[in-house]
Structures are given as C-alpha cells and as structure tokens.
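What follows is one structure encoded as structure tokens, with my remarks underneath.
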Amino acid sequence: MSQWGGTYYSMNFSMAASLSKFLYECIMTINCFVLTTVVCGLVMALSSGRVVGHCRKYLKNELLEAIWTIVPAFLIYLIASMSFYVLYMNGEHKEPTLFHSVITGHQWYWTYQYAMIDEMGKFFGFEHDSYALLNDVPSTSDDDTVLSKGDTYLLDVDAPFVIPQGMPGELLVTSDDVIHSWSVPALGITVDAVPGRLNRSPILASTVGVAYGHCRELCGVNHFMMPICVEIVTPATYLKFMKLEEIEE
Amino acid sequence: MASGLLRVPVILGRRTLVTSVPRLSGVTTTGDEVPVVGIQVPVTEEENSKWLLENNPPAPAKKGRNAHLREKLYTVIGNRDIVGPGVSGFAEYIEAEEFPFPAVRFMEPYPEIMPLLEKEKGDWKNLSIDEKKTLYRYSYRQTLKEEYTPEGLGKRLLIGTLFGLSCTMIYTQITIDYIFPWDPRAARTRQADWQGVHLGKLIAQNTSYTPGDPYWDYDKGEWRK
C-alpha cells in the first residue's frame, strides 16, 4: 500500500509484482537515457543564434538518420524482450495448485469462496462477503461496517480474503452483474470479473502480511467503495482458517 | 483613379506593381537612422499622373552582363542588382549563416542613394561612417549581430513549463483544502492519533516500507511524552 505523497512502488508480496517492478525500473532507465539525449540535442540545435544557423549539420546527414533509426529499434527490442519475459513468467501456472478460490464481484462488494482438500482427502469449502468499512459511527446496533481506530478509509474491509504464504493456488474470478476487476498491485494481479465467464489467474504469495487493492473497472456509482484486502497467513494458520478453528493472535 | 491611394506605373502597356521590397523606416536595433523612402501622401490625379511620368521605374537594362536575367526576373526582384549566385542559383534575398552572400541586393536603387553609389566606386577612405552604414543597409537587411541574436525559444519553453507546473500545484492544493474535507466520514481518519495507530498497523501488517515514527509509542498507542 502506498502512502500519501508516494510515487514509487510499494511493498511486493509475490514474484509477479517484483518482476513488474523490475521491468518498470529498466524501462525508466532507458526512458531517462532517451530523454536526456533528445533534450541535449534539442538545446544544442536551438541555443546558438538563429534556428537556421546550424542547418548545415542536420540537413542530409545520413549518419544521424541511421543512428536515430537503429538505436531506437534496438531499445524497443530490449524493452520487448524484457516485457515478454515478465509477461510469460507472470502467467505461469505452478502445478499442483494447492488451494482454489472463486471471487465474485457484485455491486458493490466482493464474495470469496474457498475450497481445499486436505492430506486426508477431505473437502473444505465455504464463502463470505467482503464489504468496505465506511462509517466512523455505527448507524445501527449491529453495524459491522464501522472503522476501528487506525483503519484505512476505503481500503479496510470487514472480512478480508485469506490466502496462504508459499503455496501456489489459483483464483477464478467472475461477476454477478456488471464487469468488475479484481486488482491487488502488491501481488501483481489484475483480473477482470466478467459476468458469465470464469477468468483464471495463478497466485503465489511469498511474504506474510496484508495487501490492499481496488476494483479497477467502472461498475457504477459506488465503484470506489469496493476495496480488496488480502491477508497472507502461514499455511498452518490457513489450515485452521479453512477448518473454521480458533486462530491464536 | 482614386486620389492618392496607389501609384501604378505603366510599363510597355503592362500594369506592374511598384516593387515589393520592404521599405525600412525608423530606427534599427543598432540605433542607425534608415532613410525613409516611398512615403505615400494624398495627391490629386493630375499630380499622380505627373509623378508617374516622371518617376516611371526604368525598364530593365537591355545591355550588360545580366540583361537576360533582368528581363526575366523583373517581376520577381524588381530593379535590385543581381550580385551573385546565392543559394542554388535563384535570385532571392536569403539571410543564412551558411550562405552569407545573397543573390540580390536588399533595396532597389532610389534617387537619394545614386550619388553614394558613384562615390563608392572611388576610394572607400573618403566615405564617412554613416555613408558606409547606408550603403550596407542598401545591400543587406540585417547586420550579422542582428541576424545571430537568439529568438528566445528557450524562454518560451520555460514559460510554458512553469505555467503548467503552477497550474498543477494550484489544482492540487485546492483539492487538498476543499475537496478532501467534503466527505465527513474520512475527516476522523486524518487526525493525529488515528494516523499514529494507522502507522502501527502498517508496520504490524508488513504492508508498507515505513520506518515508523520515532515519537509514537507503539506499545501504548499514544505520542511519547
């Protein structure tokens, strides 16, 4: 989660996000090189005397034309090769997937369905809704959507989505009404939730913690009020969670 | 013919405009006075006709080195002398650093300069500074210094950049001051004690790269005293 005034990537919880960050840094390096070169060239061409003063250097200069054709082509090849690598690495499904979740988007909340088969072959599955915490004062006596002290407005939810650390899993994302998009930048995942279709995405969280995200497809008036909160826990805690056992703080 | 608006010379039965060479007037950047030529004042038709007959621009020379060029290029350059090949051999006045000698002179011969042109054929030591300057302005539009003065493109770029930056900053500050406080539910979250607990949560949840606040007591949940 990025803080106020932050302009850089925040903490990453998966390899996919780290690879995307690496790609961003490489492209920014190339971008800075190109920007500096072009600006210096422009300043040199325009600074001394009249604009036509240095035409002799730039008119019919075949060497310059060759350089500014070949160098950008090479840079584009570099960027493309890196981004193809990241693209296919992020889309790789690690088999076997040890946990499965179905995420359904509604207007304007998320539903998470969990399914797991333990080592004995027993199936565990349940579902819950996830609403944003919006009010600082409870409107009714049993109002769950109240912010506790220290919660983040429009990011914290009443029931976060829980996934285990270090276990490859898969997410199946769909929608009940309109198109939504389940996106958690810290995990490097953005999956469109299209009604009538199941979109599959691999997930592998490498660190324990809490990651936040938002719906990324305009879905109505309260599109901003359906955040995503992912709690990454140890496998032992996840097993207790799936069996609905008591989890020690 | 309307009185005093346009003097159109008649040459060999054809109508030709009086030359399109710009007539400089007033003071240049170097402070020199330039002769003012070609002022049009309201006159009657009779005086206009008389002026036309007296001041009919001379026909292009039928003899001489460039006679064939003068005949062909009269409508383009008027009576200006052709003094060189110029850029690519065309009879144009072009000022450029890499082509310092234009093909034609800048001005047409006018009555006041004829004696100077004769004097120029003699010893140049007899010419005064002002006469030399007049002869220069007859052949060229600008001095080299005037030609090479920068046009201030960098200043324009800076103006645009700073303007955009300042607009962005003003918009951001208006958003922070007036738009963000609009939602009363979020107002409580911007208070110092809430922010302190929030920071402690970020650290405990491993959510963000943050070193924490040295003045916040994370065990007690209050500012250090």
Qualifying strands (runs of 3 or more DSSP E) (wholly inside the stretch A:141-185; at least 1 residues being open to solvent by 30 Å² or more (accessible area, probe 1.4 Å), among the charged types (D, E, K, R) and farther than 22 Å from B:Arg190 by Cα) | none
Within the group B:Thr175, B:Thr134, which residue is within 13 Å of another protein chain (Cβ to nearest Cβ) and open to solvent by less than 80 Å² (accessible area, probe 1.4 Å)?
-> B:Thr175
Can you tell me which of A:Phe99, A:Phe84, A:Phe33, A:Phe13 is at negative phi, within 14 Å of chain B (Cβ to nearest Cβ) and either at pLDDT 90 or above or out of contact with any Ser or Thr (no Cβ under 9 Å at 6 or more places or on another chain) (or both)?
-> A:Phe13
Tell me which residues, restricted to the stretch A:131-165, are in contact with a Pro (Cβ under 7 Å, 6 or more places away or on another chain) and small (Gly, Ala, Ser).
-> A:Ala132
Pick out the one residue from B:Gly89, B:Gly64 that is more than 30 Å from A:Tyr58 (Cα to Cα), modelled with pLDDT under 85, out of contact with any strand residue (DSSP E or B) (no Cβ under 9 Å at 6 or more places or on another chain) and assigned to a loop (DSSP other than H, G, I, E, B).
-> B:Gly64
Only one of (1) more than 25 Å from A:Ala205 (Cβ to Cβ); (2) of a type in the set (Phe, Trp, Tyr); (3) surrounded by 14 or more Cβ atoms within 10 Å (Cβ to Cβ) is not met by A:Tyr77, so which one is it?
-> (3)
Can you tell me which residues in the stretch B:128-161 are at pLDDT below 90, assigned to a helix (DSSP H, G or I) and not charged (D, E, K, R)?
-> B:Leu144, B:Tyr148, B:Leu153, B:Gly154, B:Leu157
Go through (1) among the hydroxyl-bearing types (Ser, Thr, Tyr); (2) more than 16 Å from A:Asp151 (Cα to Cα); (3) at the interface with chain A (Cβ under 10 Å from one of its Cβ atoms) one by one and return the number of the condition B:Ser208 breaks.
-> (2)
Considering only the stretch B:94-113, state which residues are within 17 Å of B:Val83 (Cβ to Cβ), more than 14 Å from chain A (Cβ to nearest Cβ) and free of Cβ contacts under 8 Å to residues at least 40 places away in the same chain.
-> B:Phe101, B:Ala103, B:Val104, B:Arg105, B:Pro109
For the subset of the stretch A:201-221 comprising residues that are more than 18 Å from A:Tyr109 (Cα to Cα), away from chain B (no Cβ under 14 Å) and in contact (Cβ under 8 Å) with a residue 60 or more places away in the chain, which member is least open to solvent (accessible area, probe 1.4 Å)?
-> A:Ile203
Considering the stretch A:186-200, residues that are surrounded by fewer than 20 Cβ atoms within 10 Å (Cβ to Cβ) and either within 14 Å of chain B (Cβ to nearest Cβ) or within 21 Å of A:Glu127 (Cβ to Cβ) (or both), and then whichever is farthest from the chain's Cα centre (by Cα), we arrive at A:Gly196
Please find, among A:Leu147, A:Leu155, the residue that is within 14 Å of chain B (Cβ to nearest Cβ), closer than 28 Å to A:Asn12 by Cβ, modelled with pLDDT under 95 and over 17 Å from the mean Cα position of the chain (by Cα).
-> A:Leu147
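The values are calculated or read from the model by the stated rules, or taken from the named source; none is laboratory data. Bear in mind that the values here come from a model prediction, so they are computed numbers and not experimental data. Reconstructed Cβ throughout: ideal geometry from the backbone, glycine too, with neighbour counts over all protein chains shown. SASA here: full protein model, heavy atoms, side chains in, ligands and nucleic acids out. Shrake-Rupley method; radii C 1.70, N 1.55, O 1.52, S 1.80 Å.
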